[in-house]
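The values are calculated or read from the model by the stated rules, or taken from the named source; none is laboratory data. Keep in mind that this is a model prediction, so the values were computed, not measured. Cβ sites come from the backbone with ideal geometry, for glycine too, and all protein chains shown count toward neighbours. Side chains are part of the model used for accessible areas, which takes the heavy atoms of the whole protein and leaves out ligands, DNA and RNA. Shrake-Rupley method; radii C 1.70, N 1.55, O 1.52, S 1.80 Å.
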Amino acid sequence: MRTQHNFTVIEGPDAVGKATQSAILAKAHGALLTSFPRYEGSYGPLITAILKGKVAFETDLARGEALQAAMVADRLLWKAEVADPAHETNTHL
């Protein structure tokens with residue numbers, strides 16, 4: 001039987017201390033710290049290129065859909081690579 005865990009999300013504009021607060025919370029609760037999108041992950045270079053306008057799209061809608069697809073793929077891969085194994089070992093995320 002799986003144990004239920006909390007998944008805490010911290011959102012906000014750039015440079016307001018999200019990473020600092022996240023690190024403090026993760027350490028205090030013995031949790032695994034993660035951040036999205038995972039720029040260092042398999043989809044990171046594609047996400048970065050789309051965000052920086054280095055990939056050409058016919059429309060803004062196409063750019064948005066491609067970005068969303070890359071971010072969804074990144075989260076699905078994170079689930080398989082990080083979340084599922086963490087749950088198997090009862091590690092807090």
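Rounded to whole numbers, the Karplus 3J(HN,Hα) couplings from phi for the range 39-48 are 4, 8, x, 4, 8, x, x, 5, 4, 4 Hz, using 6.51 cos²θ - 1.76 cosθ + 1.60 with θ = phi - 60°, and x at Gly and Pro.
Working note: 222 nm ellipticity from helices only, DSSP H runs with n ≥ 4, each -39,500 (n - 2.57), summed and divided by the residues of the chain, gives -14500 deg cm²/dmol to the nearest 500. For the range 16-30, in order, what is each residue's ³J(HN,Hα) by Karplus, 6.51 cos²θ - 1.76 cosθ + 1.60 with θ = phi - 60°, in whole Hz (x at glycine and Pro)? With the stated coefficients, the range 16-30 comes to 10, x, 4, 5, 5, 5, 4, 5, 5, 5, 4, 5, 5, 9, x Hz. Evaluating 6.51 cos²θ - 1.76 cosθ + 1.60 at θ = phi - 60° for every residue in the range 54-70, the Karplus couplings come out as 8, 10, 7, 10, 5, 9, 5, 4, 4, 4, x, 5, 5, 4, 4, 4, 5 Hz, glycine and proline recorded as x.
Only lysines eight or more places from LYS79 in sequence, or on another chain, were considered; those with a Cα closer than 25 Å are LYS18, LYS27. Counting only protein heavy atoms and a 1.4 Å probe, tell me what percentage of the chain's accessible area is made up of carbon and sulfur. The C+S portion of the solvent-accessible surface of the chain is 56 percent. Along the axis of the charge dipole computed for the chain (Cβ charges of +1 for Lys and Arg, -1 for Asp and Glu, origin at the Cα centre), the listed residues HIS29, VAL16, ASN90 are led at the positive end by HIS29.
Once Cα extents along the principal axes in Å is calculated for the structure shown, the corresponding label among (i) 47, 33, 19; (ii) 37, 26, 18; (iii) 33, 30, 20 turns out to be (i). Quick one: accessible area per residue over the chain, 1.4 Å probe, rounded to a whole number of Å²? Averaged over the residues of the chain, the accessible area is 76 Å².
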